[in-house]
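The values are calculated or read from the model by the stated rules, or taken from the named source; none is laboratory data. These figures come from a predicted structure and were not determined experimentally. Methodologically, a virtual Cβ is constructed for each residue, glycine included, from the backbone with ideal geometry; neighbour enumeration extends over all protein chains shown.
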Amino acid sequence: MKPANEVKTAHSPSQIPDDWFSWKDKDKGEAETVARPSLSYWQDAWRRLVKNKLAMLGLAFLVLLGLMAIFGPILSPYQVNTQNLPNQYQPPSAEYWFGTDSAGRDVFTRTWYGARISLFVGLMAALIDVTIGIIWGGISGYKGGRTDNIMMRIIEILYGLPYLLVVILLLVVLGPSLSTIIIALTVTGWVGMARIVRGQVLQIKNYEFVLASKSFGTKSSRIIRKNLLPNSMGPIIVQMTLTVPSAIFAEAFLSFIGLGIQAPYASWGVMANDSLGAILSGNWWTLFFPAFFISFTMFAFNVLGDGLQDALDPKLRK
Amino acid sequence: MLKYISKRFAVMLVTLWIIITLTFILMVSVPGSPFNSDQSSNETIKANLEAHYNLDAPYHIQYFNYLKSVATFDFGPSIKQPNQTVNDLLGRGFPISLELGIVTIVVAVISGIILGIIAALRHNGFIDYMAMGFAVLGISIPNFILATLLIQQLAVNLDILPPATWSSPAHMIMPVLALATGPMAIIARLTRSTMLEVLTQDYIKMARAKGLSPWKIVFKHALRNALMPVVTIMGTLLASILTGTFVIEQIFAIPGMGKYFVESINQRDYPVIMGTTVFYSAFLILMLFLVDIAYGLLDPRIKFHKKGGE
């Protein structure tokens, strides 16, 4: 112990000779340069999403599906609802790529019309959910206090309502059609989104940059639009990608219990429901194609949502 | 704790009241009268209904009567089946649906947790990828499609299981499989992610340092904490299983409540629709309430006096 102490006192800072030190050979300027190019939040998220093979597979499938929903029917010489009874239950062939159903209708054409309906229902439901959710959650989270309390009580009650039962009830009253299905799906569907937006807003509104903005006298609406929402976009987008498949599922489910899209439209759910009997007689293709596309679309949205969740989470940033 | 329970109870009552009011609006908003416009209803049914609902009374009296009859669990007669009340249908269908539901939940929870644990213990290994791939598929394939695929493969092609009805354990296999796969996949994913988180905690390292067997660490220390999120989603899972029974019972011709419900929708048998909806909702809302309370009792870290409960 003692010798060590002596060494220390012998070399108190002023006594250390300069030649004991040397400059580290690294060039100062070089040490300060940023090794990686600077990326914005969205560029970085995209970079990470691209690395997720499963999510990219989902994205590719959805892009293809969207294109086919638009152009698919043009590729086929058949109409959606043209019945051709002599050609009932034709297996898939060069003439009928996906075969024909019990009324001799071309399954290929009907599949893409079904894609239009299913995607439209899913996307519209998600869009309306987001709109209401952002407004409700934004106001609730930003105002806080009494307003927040009342708004959250309402959400709490709506959240307790069994989702599909309310949808069924509304459709029994309103009668099933494309627009009433979307309305019924969104009446209580926005609640989840509102909760997420509120949580985000509650967290972000306490950050310094919001305080700075406030101290400049910025109006609340502008703070919500310019500061709070852009910063809570990540979880909102993730929630949206997960809303779409649940709306698509709900639409197919409703078709199954007789409350789905009515003729002349054909959704995947209606097609699957129509072919229940056919499966026992071995005409598998009438069920297979709608079933495959419902499942794979839900799969694609789910894996894309998972991928986005990882990609947009700043905590997982590498 | 008591304050929390009473608050949740109040919310539950309001939610129930909304559902009951919604069903009442359904009854009065159906074009014409829901009862006399239909050809298939005969005179006795009509007389029963009018006696039951006081259809000529003003709306607020009707509403009050309706609330009273719901509170006493009297949902009135069916319009389409003479001499049948909604209570008769519920009494016949509910035990069967309950049986299907309970078996499904047990299968989903047990297999989901086991799958999740295995995936977490083999993190990023082959088994993990297989299990999670399976889970994503399970979430993506709607139960009614799985049901028809199962019928086609196991009943039609291979002929090893009976395709429909509900009379022996063999009859239960396909409906339960179809219904349990989705919830099982959700539970597996959740268990895996919380297990992975829990396994990095200090007390697990401590347990390992003590020289406990991996088996004991997983089941005695890790799993308890990993299961809490599973409890929280039980409410949602119950709701999805319950709505799932509508289509599954329909597809497999199981004479449960769900089948009656779907039939009543197709036949526009309004009293049955209303009665079953109220019953289902009351059941679900009660279950959600119990799950919430159970969660608080199971996890000592939850504090009930926290304001707002967020």
Next item on the list: Looking for whichever is surrounded by fewer than 21 Cβ atoms within 10 Å (Cβ to Cβ), touching a helix residue (DSSP H, G or I) at 6+ places or on another chain (Cβ under 7 Å), touching a residue at least 60 places away in the same chain (Cβ under 8 Å) and not basic (Lys, Arg) here; the options are A:LEU171, A:LEU185, A:LEU123. Which one fits?
Entry: A:LEU123
Next item on the list: Output the residue which, of all residues in region A:188-222 that are β-branched (Val, Ile, Thr) and over 25 Å from the mean Cα position of the chain (by Cα), is surrounded by the fewest Cβ atoms within 10 Å (Cβ to Cβ).
Entry: A:THR218
Next item on the list: Scan region B:29-46 residue by residue and report those that are at the interface with another protein chain (Cβ under 10 Å from one of its Cβ atoms) and at pLDDT 65 or above.
Entry: B:SER29, B:VAL30
Notebook entry, point to check: For A:VAL172, all conditions in the list (1) modelled with pLDDT of 90 or more; (2) under 24 Å from B:LEU26 (Cβ atoms) hold save one; what is the number of the exception?
Noted result: (1)
Item checked: Residue count, region B:274-293 (criterion: farther than 16 Å from B:TRP17 by Cβ and buried (at least 24 other Cβ atoms within 10 Å of the Cβ)) -> 2
Check: Quick one: how many residues across region A:212-227 are among the hydrophobic types (A, V, I, L, M, F, W, C) and within 18 Å of A:GLN200 (Cα to Cα)?
Finding: 2
Notebook entry, point to check: Taking region A:249-271 on its own, how many of its residues are within 9 Å of chain B (Cβ to nearest Cβ) and not in a loop (DSSP other than H, G, I, E, B)?
Noted result: 5
Checklist line | Failed condition for B:THR181, given (1) hydroxyl-bearing (Ser, Thr, Tyr); (2) more than 27 Å from A:PHE299 (Cα to Cα); (3) touching a residue at least 24 places away in the same chain (Cβ under 8 Å) | finding: (2)
Check: Restricted to region B:207-247, and to residues that are out of contact with any Pro (no Cβ under 8 Å at 6 or more places or on another chain) and polar (S, T, N, Q), which residue is farthest from the other protein chains (Cβ to nearest Cβ)?
Finding: B:SER213
Notebook entry, point to check: Counting only residues that are of a type in the set (Val, Ile, Thr) and without any contact (Cβ under 8 Å) to a residue 40 or more places away in the chain, which one in region A:140-168 is nearest to the other protein chains (Cβ to nearest Cβ)?
Noted result: A:ILE157
Next item on the list: Check A:LEU75, A:LEU49, A:LEU54 and return the single one that is of a type in the set (A, V, I, L, M) and without any contact (Cβ under 8 Å) to a residue 60 or more places away in the chain.
Entry: A:LEU75
Next item on the list: Filter region A:208-244 down to the residues that are among the hydroxyl-bearing types (Ser, Thr, Tyr) and free of Cβ contacts under 8 Å to residues at least 24 places away in the same chain, then identify the one that is nearest to A:GLN43 (Cα to Cα).
Entry: A:SER213
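Could you tell me whether region A:230-238 includes any residue that is within 25 Å of A:ASN302 (Cβ to Cβ), small (Gly, Ala, Ser) and either more than 14 Å from chain B (Cβ to nearest Cβ) or part of a helix (DSSP H, G or I) (or both)?
Within region A:230-238 (the criterion being within 25 Å of A:ASN302 (Cβ to Cβ), small (Gly, Ala, Ser) and either more than 14 Å from chain B (Cβ to nearest Cβ) or part of a helix (DSSP H, G or I) (or both)), the answer is yes, since at least one residue qualifies.
Residue-wise test of (1) within 13 Å of chain A (Cβ to nearest Cβ); (2) in a helix (DSSP H, G or I).
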site: B:GLY112; (1), (2): no, yes
site: B:HIS123; (1), (2): no, no
site: B:ASP128; (1), (2): no, yes
site: B:ILE160; (1), (2): no, no
site: B:ALA178; (1), (2): yes, yes
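Take the conditions touching a Phe, Trp or Tyr at 6+ places or on another chain (Cβ under 8 Å) and surrounded by fewer than 19 Cβ atoms within 10 Å (Cβ to Cβ) and apply them to A:MET151. Does it pass? Let's see the steps before the verdict.
Numbers: touching a Phe, Trp or Tyr at 6+ places or on another chain (Cβ under 8 Å): yes; surrounded by fewer than 19 Cβ atoms within 10 Å (Cβ to Cβ): yes.
Judged against the criteria, A:MET151 is a match.
Residue by residue, here is whether (1) touching a residue at least 24 places away in the same chain (Cβ under 8 Å); (2) among the aromatic types (Phe, Trp, Tyr); (3) closer than 30 Å to A:MET271 by Cβ holds:
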site: B:ILE114; (1), (2), (3): no, no, no
site: B:LEU121; (1), (2), (3): yes, no, no
site: B:ALA135; (1), (2), (3): yes, no, yes
site: B:GLY138; (1), (2), (3): yes, no, yes
site: B:ILE141; (1), (2), (3): yes, no, yes
site: B:LEU154; (1), (2), (3): no, no, yes
site: B:PRO162; (1), (2), (3): no, no, yes
site: B:ILE187; (1), (2), (3): yes, no, no
site: B:MET195; (1), (2), (3): yes, no, no
Next item on the list: Considering only residues that are over 17 Å from B:GLY256 (Cβ atoms) and touching a helix residue (DSSP H, G or I) at 6+ places or on another chain (Cβ under 7 Å), look in region B:76-106 and name the one that is surrounded by the fewest Cβ atoms within 10 Å (Cβ to Cβ).
Entry: B:PRO82
Notebook entry, point to check: Taking region B:252-264 on its own, how many of its residues are within 10 Å of chain A (Cβ to nearest Cβ) and surrounded by 24 or more Cβ atoms within 10 Å (Cβ to Cβ)?
Noted result: 3
Next item on the list: Those residues that are closer than 22 Å to B:ILE248 by Cβ and surrounded by 23 or more Cβ atoms within 10 Å (Cβ to Cβ), I need them from region B:177-206; list them, please.
Entry: B:ALA178, B:LEU179, B:ALA180, B:THR181, B:GLY182, B:PRO183, B:MET184, B:ALA185, B:ILE187, B:ALA188
